[in-house]
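Any read-out appearing in this document is the output of simple, stated calculations on the displayed coordinates, not a laboratory observation. Quick caveat: nothing in here was measured; it's all calculated off a predicted structure. No Cβ is skipped: glycine too gets one built from the backbone with ideal geometry, and neighbour counts run over all protein chains shown.
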Amino acid sequence: MDDKVKEEVFDRDDWTCQNPECEKKSPLERTPHHCLFKSKYFGKDRDDPWNLVTICMDCHYSIHFQGNQKLRYYFEKLAKKRNEKFSNR
Ligand SMILES: [Zn+2]
Ligand SMILES: [Zn+2]
C-alpha cells in the first residue's frame, strides 16, 4: 500500500483507532485495516481511502485473529457508506 494513502487515512481519522469501543483511542502503534478484506473484495480500488480505517494493533488483532465479527461488520458498513458504488444498491 502506498505510504501517501496510509498517511491520508491516518490524517482523516485523526491518528486514532476508529473502533468506537476502543479503550486506547490514541494508540502508539496503528495500522490501516481493509474494511472489505482483500480476500472478499477484489476491486482495484480496495487500497483507496474509502476502504481503509485507522485501527490500533489490539483491535486489529481482535478482528483478524479473535473473530470480532461485530467490529468487522461495523467497518464494512462504514466503507460501503463511503463508497457510492455500494450505497446506490
Ligand atoms: Zn485488517
Ligand atoms: Zn483500538
| task | Find which of 61, 83, 5 sits farthest along the positive direction of the dipole of the chain, computed with +1 on the beta-carbon of Lys and Arg, -1 on that of Asp and Glu, about the Cα centre. | result | 83
| What lysines sit close enough to residue 77 to cross-link, taking a C-alpha to C-alpha distance under 16 Å and skipping anything fewer than 8 places away on the same chain? | 38, 40, 85
| field | Fully extended contour minus Cα-Cα distance, from residue 28 to residue 8, at 0.36 nm per residue | value | 5.4 nm
| note | Sorted by chain and number, the residues with a modelled amide H under 5 Å from that of residue 52, at a separation of 5 or more or across chains, are 35
| About its Cα centre, how strong a charge dipole does the chain have in debye, to the nearest 20, once Lys and Arg get +1 and Asp and Glu get -1 at the Cβ? | 560
| message | At a threshold of 8 angstrom on Cα-Cα distance, excluding pairs fewer than six apart, so keeping six or more, what relative contact order does the range 3-82 reach in percent? | response | 33
| message | Rounding to the nearest 10 and keeping the result within 0 to 90°, find how far the Cα-based axis of helix 69-82 lies from the longest principal axis of the chain. | response | 50
